[in-house]
Amino acid sequence: MRDRKRCLRELLVNNAEPVRYSDHVAGRGEDMFEAVRTHGAEGIVAKRADSVYTGARSDNWLKIKVLQE
């Protein structure tokens with residue numbers, strides 16, 4: 001994943017909207033989730049940094065949604 005992110009960042013350096021590079025946050029998943037919840041966002045995607053892109057669902061990439069009360 002780290003190599004893909006580096007390549008993507010380089011490809012999008014001068015790119016216009018609507019495609020935009022989103023930086024990642026290593027570690028502190030619980031803190032990030034709480035910040036997302038506090039701001040009313042939908043959730044986060046947690047990824048293993050050493051995972052490979054499979055093009056299908058896997059346990060390496062998890063979508064964690066904020067539950068609406």
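Results, tabulated for the structure shown:
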{"item": "Cross-chain or 6+ apart pairs with Cβ under 8 Å, the stretch 26-39 first and among the charged types (D, E, K, R), then surrounded by 13 or more Cβ atoms within 10 Å (Cβ to Cβ) and modelled with pLDDT of 90 or more", "result": "37/66"}
{"item": "For residue 50: the one exception among (1) free of Cβ contacts under 8 Å to residues at least 24 places away in the same chain; (2) exposed (fewer than 10 other Cβ atoms within 10 Å of the Cβ)", "result": "(1)"}
{"item": "Some residue of the stretch 4-13 being over 13 Å from the mean Cα position of the chain (by Cα), at pLDDT 85 or above and among the aliphatic types (A, V, I, L, M)", "result": "no"}
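Let's see how each residue does on (1) in contact with a strand residue (DSSP E or B) (Cβ under 6 Å, 6 or more places away or on another chain); (2) aliphatic (A, V, I, L, M); (3) not in a loop (DSSP other than H, G, I, E, B):
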{"position": "3", "(1), (2), (3)": "no, no, yes"}
{"position": "9", "(1), (2), (3)": "no, no, yes"}
{"position": "16", "(1), (2), (3)": "no, yes, no"}
{"position": "26", "(1), (2), (3)": "no, yes, no"}
{"position": "33", "(1), (2), (3)": "yes, no, yes"}
{"position": "37", "(1), (2), (3)": "no, no, yes"}
{"position": "49", "(1), (2), (3)": "no, yes, no"}
{"position": "58", "(1), (2), (3)": "no, no, no"}
{"position": "64", "(1), (2), (3)": "yes, yes, yes"}
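The values are calculated or read from the model by the stated rules, or taken from the named source; none is laboratory data. Predicted, not measured: the structure shown is a model, and the values here were computed from it. All Cβ positions, glycine included, derive from the backbone under ideal geometry; neighbour counts span all protein chains shown.
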